[in-house]
Amino acid sequence: MTATDVVATPATGAPLLQLKNVEVAFNGVIQVLHSVNMEVPRGKIVVFLGGNGAGKTTTLKAISSLLAIDDGAVTGGGILFDGQEIANRDPAQTVRAGIVQVLEGRKVFGHLTVEQNLRLGLHLCSDRAIAERERERCLELFPALRGLLERQAGYLSGGEMQMLLVSRALLLQPRLLLLDEPSMGLAPLLVRQIFGALARINRERGLAMLLVEQNARAALEIADHAYIIENGRIVMHGAAADMRNNEDIREFYLGLSVGREKKSFRDVKHYKRRKRWLG
Amino acid sequence: MNSFLQALASGTLTGLLYGLIALSFVVIYRAARIVNLAQGEVLMAGAFTIWMMTLAAGLPTLLGSGLALLAAALIGLVIERLVFRPLIGRPTTTIVLASVALIIVLRGASQMVFGPETRPFPQVLPAGAFKLGPLHLNLALTIGAVLTLVVTEALHRFFMNTKAGLRLSAVAEDHMTALSMGISVRRSAAIAWALGASLSALAAAIYLSGAALDVSVAGIGLRALPVALLGGMESVRGATLAGVLVGVGESLASTYLDRHTSGAMSQVFPFLVMIALMLIRPQGLFGWKVIERV
């Protein structure tokens, strides 16, 4: 991309993140994403639904440049963040640009204390006053962490870990937060708490989020837009409110049957075939 | 009684030297997740560097040795860049075998450059012994022991309290997570290698001060490996403490058991500790236990 391209893209009108026909392959041969198009508008929450192995995590890692460690790469299309091409960069650069991903599986630094985990979140921040302020903001958001600062992070409960992870990511001062299944393995009450916090962060800071979730119901409640991916292709997208009322989504992602009986497997297959067409 | 105390004291001093070498294992392992079996050869390279800077180049001993520590850091960087960086993300076996290859390459290279002959090593630390109550202590080893303690505490604080140190700890925990937070795995590995190689050179200076230098000094690396394992590969303070344990054990074995075992006991002691440890507590005394969660 040339400098003129950058200037030509208006910094405000365009969506914060834009995926244009993104293709991802591992080891140069195994193609996982096929022409994925997606947008995250400024200040909005976008939820990304799909089954196991559909390509959700791969899409997130394509955005945050974390594919290389698994021998993957964006092989086609482009990823624009604020109008700048960011595909296949050094992940450290991507973080500095303002994209922070919370990986799935609650990856706290388990042998360090909560405090040390938080300080790692501040590792790019050189101003002490700002660092202290941001840390205080996070502890205010998740007061439960305050009493755990000296605790070894590996021994926190699942919910506490997730709070720590979100805090640690926020301390990196992102402009776009990527979250990979934050509710995985959490009790319903905790899921509500985490999603409540995410909604609050979005409201108060105007922080844009791209949220990968299996818990479609909770996610659709706080999201503005939703995308559905299957077999590496986007098969459906639209406003979250519409998605909540969409019959197919209710059936297959929310577990709410339209009729009295569950749909049969044949219907499922039919549904999948039909959705291809939508994509 | 006196011989017991003497064994205890000199064991502690030798043990702290082991601890220092173990630290070089630990520092590299923490940040790069590499058990570098060639650490003894890195120490040997550091020793030759000290010799070149002092006796060969004619610089004052302390100045030359100081420069040699910097040069050793450079050697560490080169090894990391050429051998281990291309192997990031490869299976552990590959990396371990690469370190075995490095043993052979470094020994071969120094044999080629410096020849097989034994040469004198400069008197970096003052020679002689001093009396402390009933004990006779080696002066160089005592100074080395103090240095080791200082270095241990400094490294511990570095890893636990400073930004750069915490970054290294983060990389030690998980490469992907570290990357996701904008922490450069490569830079951490490079810092770790520079530090590790420098520590080895420092250990060489203490170990060899006023003694002889040839390729065989590399053997001390493998004697220090059980120490690093005993302390726990991730634990800075653990390495030093384990050094003392092994040093004392070895010295007691040499005082009381060697005459019954034709001198073998003190030689095999660290490795007996290593085998027992692998069976009982694989993560070492203070190493990172794998935290299992459901």
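Only the coordinates and a few stated rules stand behind these numbers; no lab work does. Note that the structure is a prediction, hence the values are computed from the model and not measured. Glycine gets a Cβ as well: all are built from the backbone with ideal geometry, and neighbour counts include every protein chain shown.
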Relative contact order (percent, whole number), segment B:243-288, Cα cutoff 8 Å, 6+ residue spacing | 31
Proxy reagent accessibility, fewest Cβ within 10 Å first, across B:Lys163, A:Lys56 | B:Lys163, A:Lys56
With R₀ set to 30 angstrom, the calculated FRET efficiency between the beta-carbons of B:Ser262 and B:His156, to the nearest 0.05, is 0.15
What number, rounded to the nearest 500 deg cm²/dmol, is the helix-based mean residue ellipticity at 222 nm of the protein assembly as shown, given -39500 (n - 2.57) per DSSP H run of at least four residues and division by all its residues?
-> -17000 deg cm²/dmol
Inter-chain shielding metric for B:163-174, i.e. average beta-carbon neighbours from other chains within 10 angstrom, reads 4
If r is the Cβ-Cβ distance from B:Ala164 to B:Phe271 and R0 is 30 Å, what FRET efficiency results, to the nearest 0.05?
-> 0.30
Rg to Rh, two decimals, where the protein assembly as shown supplies the alpha carbon set and Rh follows Kirkwood = 1.08
When Cβ neighbours within 10 Å are restricted to other protein chains, what is their mean count per residue of peptide A:115-121?
-> 4
Given Cα pairs under 8 Å that are at least 6 residues apart, what percent is the relative contact order of chain B?
-> 36
Go ahead and collect, in residue order, the members of segment A:73-94 whose backbone nitrogen is under 15 Å from a label point 7 Å along the Cα-Cβ direction of A:Arg42.
-> A:81-84
Helix hunt in chain B: which complete DSSP H runs extend at least 20 Å axially by C-alpha with mean Kyte-Doolittle at least 0.5?
-> B:2-32, B:61-79, B:92-114, B:139-161, B:185-208, B:236-252, B:265-280
Would you kindly derive the ³J(HN,Hα) couplings of segment A:93-100 from the backbone phi angles with the Karplus curve 6.51 cos²θ - 1.76 cosθ + 1.60 (θ = phi - 60°), listing them in order in whole Hz, with x for Gly and Pro?
-> 5, 5, 5, 4, 5, x, 10, 10
Under the Kirkwood approximation applied to all pairs of distinct alpha-carbon atoms, what is the hydrodynamic radius of segment A:3-245 in Å?
-> 18.3
If you take every DSSP beta bridge whose two residues both sit in the protein assembly as shown, what share of them, in percent to the nearest 5, is antiparallel?
-> 65
Between B:Leu55 and A:Ser35, what is the label-to-label distance in nm when each label sits 7 Å out along the Cα-to-Cβ direction?
-> 7.3
Which is the longest stretch in chain B that no exposed loop site breaks, taking sites as GluC sites (Glu not before Pro) with a DSSP loop state and at most 14 other Cβ atoms within 10 Å?
-> B:118-291
Net lengthening on full extension, A:Glu104/A:Asn88 (0.36 nm per residue, minus Cα-Cα) | 3.7 nm
Neighbour-count ranking for A:Cys138, A:Cys125 (other C-beta within 10 angstrom, fewest to most) reads A:Cys125, A:Cys138
Within the under-11-Å Cβ sphere about B:Asp214, not counting B:Asp214, Lys/Arg +1 and Asp/Glu -1 give a net charge of +1
Within the under-11-Å Cβ sphere about A:Gly77, not counting A:Gly77, Lys/Arg +1 and Asp/Glu -1 give a net charge of -1
